[in-house]
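> Structure in C-alpha cells, see below.
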Amino acid sequence: MIQYTFQQGIVEAVGTLQRGGLTAFPTETVYGLGADVRNPLAVRRIFAVKGRPLGHPLIIHIAEGADLDRWARKVPGVALRLAQRFWPGPLTLILKRHPEVLDIVTGGQDTVGLRCPAHPAALTLLQAFGEGVVAPSANRFGRLSPTCAADVVAELGDAVDCIIDGGSCQIGIESTILDLSGETPRILRPGAVTTLALAEVLGEIPERLTATSPRFPGSLPSHYAPRSSLRLVEDECLEDMALDSLKKGGDVAVLSKRQPREGLTGVRWYLMPTMPTSFAHRLYAQLRAIDTDANQHILVERPPAVLEWEAVNDRLERAAAGSRVREVPL
Ligand code: TXA
Ligand code: MG
C-alpha cells in the first residue's frame, strides 16, 4: 500500500482503479474504499478485504454533474432537485437501478445508491477517472468508519493498493441515505443532511426506517460492535453508573458533554462537544481511541431524543446494540 497526499495521489489513484485495484480516498463524511464500478473482480475484492457479506449493496460515487440516467431508471423529478440542492454533499439517493449496473454492486436488488461527495480530493478523483467508483467506508465489517488516513491504515493496511490522505473528515459520520425508489421517500440512515432540510425540498417529512420497519438488505440493528461494552446512560446517572462499572472491574471511560461531579476518581472522563455537528465530527475518532480492548466499559451520555441529534443517536444506538450482541455467548 502506498500513501499519497492529495496533490501527488490522483494520477496514481486513477491508475490503480483502472488496473482493477483498490484505492482509499477521503470524503467529507468518512474515508471510502474505492473500486471501478464496471469491474466485478475489483468489486468482489472490496467485500473480501472488508470481510463484508455479499448482498450488502455498495454506494456508487459519481462526479459533479454526472447524468443520473446512466445509473438509474425512472429518475423522479425530486431526485434531480435534491441532487441540485445537496450535491456535492453527504446525501445518498436510492433509485431504481439501471440494468447495466452490476449485480455485485446492488446486492442483486432492483435499486442503486448514488452519491456525489464534497471532498475536493474525491471530486478530483471522480472527475479524472471519468467513471463511477463504488466505495463503502474503508473499515473492516462491523468496525468504525475511518475518519483519517491513519485509521484506514490501521483497519486495512496492505490490503489497499493506494490511499489518498486528505486529512481528517469534516463531518465524521456517514452520509444520509434517502430511499426514493418506493411510493414515499424514506430515510434509511440519518446523517448531516437533516430530515428537516430534506423536507424543505420534498415538501413533506420523509418517513424514517425504525427498529420495527421491515429491514432492507444490508441494514443491521447493530453496525459497529465495539470491543468494549458501550452503554447509553442518562446524564444524571453517569457518575453512579461509572462507579458501579468500576466495581465490576476493568477500565471505565465516560463520554459526556459536561464535567464530572467533583470527587469522582478512577474514571476517564472525555468532554464531548455540545453541538451535534461537532459531536458527530469527534465521535468515531474518540471511540476509536478508547475502544482498544475488551476490558473496558464505555458509558456515553444519552443525547436528547430530538431531530438535531438524530444522526448521532442512530450511530450510538447501533454501537450499544453491537456491544450487547457481543455480550451474548455464541
Ligand atoms: O458517507 C458514506 O456514505 C460513506 C462514504 C465513503 O461515501 N460510504 C458508506 O458506505 O457509508 P457503506 O457501504 O459503509 O454504507 C452504505 C450503506 C449500507 O448500509 C448499504 O446497505 C446502503 O448504504 N445501501 C447501498 N445501496 C443501497 C441500496 N440500493 N438500497 C438500500 N441500501 C443501500
Ligand atoms: Mg460502512
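No value in this document is a laboratory result; all are computed from the given coordinates. Predicted, not measured: the structure shown is a model, and the values here were computed from it. Every residue, glycine among them, receives a Cβ derived from its backbone with ideal geometry; neighbour counts consider all protein chains shown.
> Can you sort E234, E317, E155 from fewest to most other Cβ atoms within 10 Å of each residue's own Cβ?
E234, E317, E155
> Something else now. Between 0 and 90 degrees, rounded to the nearest ten: what's the tilt of helix 276-290 against the longest Cα principal axis of the chain?
For helix 276-290, the angle is close to 70 degrees.
> Shifting gears a bit: Does anyone have the angle between helix 6-18 and the longest principal axis of the chain? Alpha-carbon axes, 0 to 90°, nearest 10?
60 degrees
> Rank-order 66-72, 114-120, 148-154 by packing density, defined as the average count of other C-beta atoms within 10 Å over each peptide's residues, highest first.
114-120, 148-154, 66-72
> Follow-up. Rounded to the nearest 0.05, what FRET efficiency do T5 and R85 have when you use their Cβ-Cβ distance and R0 = 35 Å?
Plugging the Cβ-Cβ distance into 1/(1 + (r/R0)^6) gives 0.65.
> For the chain, what ratio Rg/Rh do Cα atoms give with a Kirkwood hydrodynamic radius?
0.98
> Full extension from K248 to R38: what is 0.36 nm times the residue separation minus their Cα-Cα distance, to one decimal in nm?
Roughly 70.4 nm would be gained on extension.
> Over the chain, calculate the relative contact order: mean separation of alpha carbon pairs under 8 Å at least 6 apart, over the residue count, as a percent.
With pairs under 8 Å counted, the relative contact order is 20 percent.
> Please state the relative contact order of segment 77-223 as a whole percent: Cα pairs under 8 Å, 6+ residues apart?
This gives 23 percent for segment 77-223.
> Could you work out how far helix 77-86 tilts from the main Cα principal axis of the chain, as a 0 to 90 degree angle to the nearest 10?
Once rounded, the angle reads 60 degrees.
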